[in-house]
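The values are calculated or read from the model by the stated rules, or taken from the named source; none is laboratory data. Remember, it's a predicted structure, so these values are computed and weren't measured experimentally. Here the Cβ positions follow ideal geometry from the backbone for every residue, glycine too, while neighbour counts run over all protein chains shown. Surface accessibility is based on the protein's heavy atoms, side chains included, excluding ligands, DNA and RNA. Shrake-Rupley method; radii C 1.70, N 1.55, O 1.52, S 1.80 Å.
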Amino acid sequence: MSYLTLKDINKIYPNGYHAVHNFNMEIEKGEFIVFVGPSGCGKSTTLRMIAGLEEISNGEFLIDGKRANELGPREREIAMVFQSYALYPQMTVFDNIAFGLTLQGVDEDVIEEKVKNTARILGLTDYLDRLPRALSGGQRQRVAIGRAIIRKVGVFLMDEPLSNLDAKQRVTMRSEIAQIHRETGATTIYVTHDQTEAMTLADRIVVMKEGYVQQIGTPYELYFKPANVFVAGFIGEPPMNFVRGTVKDGKIPFGGNSLDITKKLGAKAAQYEGKPIVFAFRPEAIELGAVEGAYQITAAVELTEMLGDNTNVYITAGEDKAILKIDPHDTPEVDTDITFSVPVENVYIFDGETELVIE
Ligand code: ADP
């Protein structure tokens, strides 16, 4: 039996807005789950229903196999870390971390031991006497996490916990959160709109769009086996290239190039004759030059961005555009033509109507 079960969970707000549709998932103990998707897709709403902060309109939420819909936030043994740190400014780091236990009337010796242990995990041992204003943003966020993890709850919920930090602090805190998860082993559900955070932290990712779950899978599955155009475009940076076209004689055009979909789909290609499809490949999944057996494409170089470890090459072919990610030593001149190849196994073809991958 799974630890957490979400069965056909729906949220309809009092104003009639249907924010989450039939969310289904089983979560195992100790998993690090990330909900990712654009702003407004229903991530926080789902998290808040799990926390007990928002009523579940339809469906069932189970903890350890027992219905939990009617349990209040405290009865669920769940701790939540919010976007804003919400620390008490007049209290030291020690007192901030200890706050929940102090309220519960836990013995002082026990509190001291627990706070010290939590501070050690979070690298805050030297800061216990400080007030929050004398801490960096990252340190404050660690105190907020400390306040949550000191209570030995079953589940941690984090809603965009890094969004108030600058880019560099975010990268540092990201690895710290992964480290904290390894040390505590606590089941964690983490909300973000940032696909990099999702990819680096998650055991499994839930991609959402407009209230619907698009796909649930490991970072590897989402990157290599996206279920639809949305997931394919959301995971990966720069995003996957999409060439839309209507199949004629088993082919679609990409500028002056002709992409033969039978090469990828075999006999199945015939079903798509006269229909719209999306031919897709990742910027990094190409080789320069014309490779035998691969899709060979020639296009004009519009712009190059040398980033050090790679160069992004923006190409145009007729009306179509794409981005290639290549070795900086191979950076082409702008306004010249470039020929590259996409190995057949690196190509994805989606149904242009349903947007689902064609396998
Ligand atoms: P996310 O966390 O993915 O950014 P939310 O779960 O916060 O998205 O919101 C999902 C959708 O529900 C949004 O369109 C939002 O405007 C709407 N929404 C959120 N809270 C309420 C509410 N109290 N009443 C009505 N609609 C809401």
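Assorted remarks:
- All lysines inside 30 Å of residue 7 as judged from Cα atoms, apart from same-chain residues fewer than 8 positions distant: 29, 43, 66, 152, 209, 225
- Exposed chymotrypsin sites (Phe, Trp or Tyr not before Pro) absent - longest run of the chain, DSSP non-H/G/I/E/B, at most 14 other C-beta within 10 Å: 83-359
- Note on the chain: with charges restricted to the Cβ of Lys and Arg (+1) and Asp and Glu (-1), its dipole about the Cα centre is near 920 debye.
- Shape summary: segment 266-359 maps onto an equivalent ellipsoid whose semi-axes, from the alpha-carbon gyration tensor, are 27, 14, 12 Å in decreasing order.
- Of interest is the spacing of the C-alpha centroids, which for segment 159-206 and segment 312-336 amounts to 33 Å.
- For segment 1-104, the Cβ-based charge dipole about the Cα centre amounts to some 160 debye (Lys, Arg positive; Asp, Glu negative; other atoms uncharged).
- Förster radius 35 Å - calculated FRET efficiency between residue 262 and residue 288, Cβ distance, rounded to 0.05: 0.90
- To the nearest ten degrees, helix 137-149 and the longest principal axis of the Cα atoms of the chain are 60 degrees apart.
- Relative contact order, whole percent, for the chain stands at 15, derived from Cα pairs under 8 Å and 6 or more residues apart.
- Where only C-alpha atoms are counted, convex hull volume of the chain per residue in Å³: 174 Å³
- Cut-off 15 Å, label 7 Å out along Cα→Cβ of residue 103, residues of segment 137-160 by amide N: 144-153
- Comparing 292, 112, 333 in a Gaussian network model of the chain, where Cα atoms under 10 Å apart are tied by springs, the biggest mean-square fluctuation is seen for 292.
- Antiparallel beta bridges, as assigned by DSSP with both residues in the chain, represent about 75 percent of the total such bridges.
- Charge-dipole axis of the chain as Lys and Arg at +1 and Asp and Glu at -1 on Cβ define it, positive-most pick from 207, 9, 277: 9
- Residues residue 117 and residue 86, FRET efficiency given R0 of 22 Å [Cβ-Cβ distance, rounded to 0.05]: 0.45
- The chain: most fluctuating residue of 36, 155, 342 per GNM, C-alpha cutoff 10 Å: 342
- The stretch between residue 224 and residue 244 holds 5.2 nm of extra length on full extension. This uses 0.36 nm per residue minus the Cα-Cα distance.
- Annotated for segment 241-351: lysine pairs at least 8 residues apart or interchain, Cα distance under 15 Å, count 7.
- Legend: calculated FRET efficiency, residue 300 to residue 345, from the Cβ-Cβ distance at R0 = 25 Å, rounded to 0.05, equals 0.40.
- Distance from segment 64-107 to segment 232-256 (C-alpha centre basis), Å: 48 Å
- Taking amide H as placed 1.01 Å from N in the peptide plane, the amide H of residue 320 sits under 5 Å from that of 255, each at least 5 places away or on another chain.
- Percent carbon-and-sulfur accessible area, segment 36-147, ignoring ligands, DNA and RNA, probe 1.4 Å: 46 percent
- Sites matching trypsin sites (Lys or Arg not before Pro) across segment 180-223 that sit in DSSP coil, with at most 10 neighbouring C-beta atoms within 10 Å: none
- Label zone at residue 13 (point 7 Å along Cα-to-Cβ), backbone N below 14 Å, segment 187-220: 210-211
- For segment 223-280, the mean projected area of the C-alpha convex hull, equal to one quarter of the hull surface, is 4.3 nm².
- Label-zone membership for segment 123-147, site residue 167, 7 angstrom Cα→C-beta point, backbone N under 19 Å: 137-138
- Solvent-accessible surface of the chain, averaged per residue with a 1.4 angstrom probe and all protein chains in place: 48 square angstrom.
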